[in-house]
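Below: the structure, in structure tokens.
The values are calculated or read from the model by the stated rules, or taken from the named source; none is laboratory data. Worth saying up front: this structure is predicted, and the values here are computed from it rather than measured. Glycine also receives a Cβ, built like all others from the backbone with ideal geometry; neighbour counts cover every protein chain displayed.
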Amino acid sequence: MITSFHASKLFPISRSLNRYYHFKPQYGAFINGKEQISEKGSRYKLLSPASGEYLCDVINTPEDQTNEAIKIAQQVFDSGVWSKSDVRHRGKVLNNIAEAMRAEVPRLLELEVAQTGRPIKEMRAQLGRLPEWFEYFSALIRTHEGTVPPFSGSYINYVKRVPLGVCGLLTPWNHPMLIAVKKIAPALAAGNSIILKPSELAPVSVIELGEICKNAGLPDGVFNVLPGYGEPTGRAICSHPAMRKIDLTGGTKTGRVVGKMAGENLCGVITELGGKAPLIVFDDCDLDQAVNGAAFAAFVASGQTCIMGSRLIIHESIYERFMTKLADKAKRIKIGNPFDGNTQMGPVISSASRQRISGMVSEAIGQNAKVYSGACVPELPHPFNQGYYYSPTVLGVNTRMHIWHEEVFGPVVVGVPFRDEKEAIALANDSPYGLAAAIWTKDVMRAHRVADDLHVSANINCIFHLLSNSFFYLGGNHLDQ
Ligand code: NDP
């Protein structure tokens, strides 16, 4: 049986941090315009990665509730209340969502920092621009034009874009709102119904987005959020025959599993998966700028981004200088309370994650990796000594090591020297991952020549400035992207 749940209260989650958040005691699925608690759903405790403190209970969405939500989403789609509504109406609602979200940023910011441990400075910058996604797609549908392909005789042939139906969106924990919003905004703009499953490690802010969308005028049942684990909730979504598109951002392994399930129903799939982005640094670069860029690319979000600059490919003549400068910078990074405006790096997401990171670093050290900085758990005062922190780590490695090839998804960057341009390109392309790269050189001709030979998109003398003034794509021709 499904009961509805509306209670909200000011809930003290962390006396030691002297902070009080608008967390509800428990979070369940947001279906058909209201938060619903399934009595069959098991529950788990969401903990702060920064201090291990209790945040709230989250109720997993069981299979029958998932199926019920998909049925409702399909019915609402078929009714046409959103899918066939005038684009001006959809555009207006998207703008309302943007406005409502902007007003809620301070509250969403607290939830987001508490559940991910990301420093408030970083998260504030990220959340502040999220409403723009709704505004962008609102403008796009209003200005979109169909096309008329060539035709002859007494026939007319035109292309009209129509919504697909129910779309399943699966999101990770590293940028919970950002990744959700960049999927939700275009899916809603097109007129689809949405079933979104956030990561079980950071579901709260996205569940709260349900209420924001409803209050902004989105019809009930169009946007539904189902918290829970990949198994059974994610599986029930991906394998449901009503799904018309699955959009996953997550690990490569998950991408294969999800693709298979969707494929059984011949359902379309979009995946944005792992990364191991190379940074090629030539000896004519501005060294300080390149070191700053590399530090940002390696340690933003504690290294937990898909486009993290995790493989440094440095010209041999500046290799030692570069690695030492980067390590000095890494040692000065302020680690600690994510709610402190001066904190530059927070914890990684979980104890399991820290264990995996530390295991990969130990393995590399066992194979003679040179430690320039980190490779340890930092000493922090209570309650942060209960959190999942790992020191910013710079390692000198060789390309036979596992850590050169595998995604660490933590604050660990590895470096190797190169002799000439050809070798730099070969090293950069020596990866199954294909998402992004960066090139640092003052030689413009070389920058573009090297970029052309990389198997992935490249930034030149800058680092992954994704959120400039347009929404563009990263990727390449490798499998895992
Ligand atoms: P996961 O692949 O573990 O999870 C992603 C989402 O898929 C989660 O909601 C997860 O649920 C769900 N999921 C997991 N297994 C299944 C399954 N069998 N069936 C259906 N759904 C499933 O990734 P993480 O959350 O750990 O995020 C880290 C990964 O995401 C990294 O590899 C990173 O590189 C990648 N990433 C890629 C980005 C890109 O744009 N290319 C951007 C950000 C991250 P749950 O975990 O709750 O069980």
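Checking each residue of region 248-262 against the condition of being within 24 Å of residue 431 (Cα to Cα), more than 9 Å from the ligand (Cβ to nearest atom) and assigned to a strand (DSSP E or B) gives no match.
With the structure loaded, tell me whether residue 271 is within 16 Å of the chain's Cα centre (by Cα), over 30 Å from residue 374 (Cα atoms) and either within 11 Å of the ligand (Cβ to nearest atom) or in a strand (DSSP E or B) (or both) or whether it fails that test. Yes. Just one of the listed residues (375, 428, 424) is surrounded by 16 or more Cβ atoms within 10 Å (Cβ to Cβ), at positive phi and hydrophobic (A, V, I, L, M, F, W, C), and it is 375. Of note, residue 70 satisfies the criterion of being out of contact with any Asp or Glu (no Cβ under 9 Å at 6 or more places or on another chain), on the phi < 0 side of the Ramachandran plot and within 16 Å of the ligand (Cβ to nearest atom). Take the conditions surrounded by 19 or more Cβ atoms within 10 Å (Cβ to Cβ), assigned to a helix (DSSP H, G or I) and touching a residue at least 12 places away in the same chain (Cβ under 8 Å) and apply them to residue 55. Does it pass? No: the conditions fail for residue 55.
Conditions (1) more than 17 Å from the chain's Cα centre (by Cα); (2) assigned to a loop (DSSP other than H, G, I, E, B), marked per residue:
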residue	(1), (2)
194	yes, no
218	yes, yes
227	no, yes
231	yes, no
240	yes, yes
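The set of residues in region 21-46 being part of a loop (DSSP other than H, G, I, E, B) and either crowded, with 16+ Cβ neighbours inside 10 Å or of a type outside the set (Gly, Ala, Ser) (or both) consists of 22, 23, 24, 25, 28, 32, 33, 39, 40, 41. Scanning region 223-239 for residues that are among the β-branched types (Val, Ile, Thr) and more than 9 Å from the ligand (Cβ to nearest atom) gives a single hit, 225. Scanning region 235-252 for residues being modelled with pLDDT of 95 or more and over 16 Å from residue 176 (Cα atoms) gives a total of 12. Residue check: residue 296 meets all listed conditions (1) of a type outside the set (Val, Ile, Thr); (2) surrounded by fewer than 17 Cβ atoms within 10 Å (Cβ to Cβ); (3) part of a helix (DSSP H, G or I); (4) over 20 Å from the mean Cα position of the chain (by Cα) but one, namely (4). Looking at 352, 330, just one residue is aliphatic (A, V, I, L, M), in contact (Cβ under 8 Å) with a residue 12 or more places away in the chain and surrounded by fewer than 24 Cβ atoms within 10 Å (Cβ to Cβ), and that residue is 330. Quick check: anything in region 276-290 touching a residue at least 24 places away in the same chain (Cβ under 8 Å), under 30 Å from residue 163 (Cβ atoms) and within 16 Å of the ligand (Cβ to nearest atom)? Scanning region 276-290, I find no residue that is touching a residue at least 24 places away in the same chain (Cβ under 8 Å), under 30 Å from residue 163 (Cβ atoms) and within 16 Å of the ligand (Cβ to nearest atom), so the answer is no. Yes or no: residue 134 more than 16 Å from the ligand (Cβ to nearest atom), aromatic (Phe, Trp, Tyr) and part of a helix (DSSP H, G or I)? When the stated conditions are applied, residue 134 passes them.
Could you tell me whether region 304-316 includes any residue that is within 21 Å of residue 430 (Cβ to Cβ), part of a loop (DSSP other than H, G, I, E, B) and away from the ligand (no atom under 15 Å from the Cβ)? Yes, region 304-316 contains at least one residue that is within 21 Å of residue 430 (Cβ to Cβ), part of a loop (DSSP other than H, G, I, E, B) and away from the ligand (no atom under 15 Å from the Cβ). Regarding region 142-163, can at least one residue be identified that is in a strand (DSSP E or B), of a type in the set (A, V, I, L, M) and touching a strand residue (DSSP E or B) at 6+ places or on another chain (Cβ under 8 Å)? Within region 142-163, one or more residues are in a strand (DSSP E or B), of a type in the set (A, V, I, L, M) and touching a strand residue (DSSP E or B) at 6+ places or on another chain (Cβ under 8 Å).
Scanning region 426-462 for residues that are free of Cβ contacts under 8 Å to residues at least 60 places away in the same chain, over 28 Å from residue 362 (Cβ atoms) and touching a Phe, Trp or Tyr at 6+ places or on another chain (Cβ under 9 Å) returns 426, 447, 457, 460.
For region 284-293, filtered to residues that are more than 13 Å from residue 439 (Cβ to Cβ) and among the hydrophobic types (A, V, I, L, M, F, W, C), the residue that is surrounded by the most Cβ atoms within 10 Å (Cβ to Cβ) is 291.
Is one or more of the residues making up region 200-222 crowded, with 20+ Cβ neighbours inside 10 Å, within 11 Å of the ligand (Cβ to nearest atom) and at positive phi? Scanning region 200-222 turns up no residue that is crowded, with 20+ Cβ neighbours inside 10 Å, within 11 Å of the ligand (Cβ to nearest atom) and at positive phi.
Restricted to region 328-357, and to residues that are hydrophobic (A, V, I, L, M, F, W, C) and in a helix (DSSP H, G or I), which residue is farthest from residue 409 (Cα to Cα)? It comes out as 330. Taking residues in region 246-275 that are of a type in the set (Asp, Glu), and partners anywhere that are within 7 Å of the ligand (Cβ to nearest atom), the pairs with Cβ atoms closer than 7 Å and at least 6 places apart or on different chains are 272/249; 272/306. Restricting the search to strands (runs of 3 or more DSSP E) fully inside region 370-481 and requiring at least 1 residues that are at pLDDT 95 or above and either within 22 Å of the chain's Cα centre (by Cα) or within 22 Å of residue 275 (Cα to Cα) (or both) gives 393-396, 412-418, 437-440.
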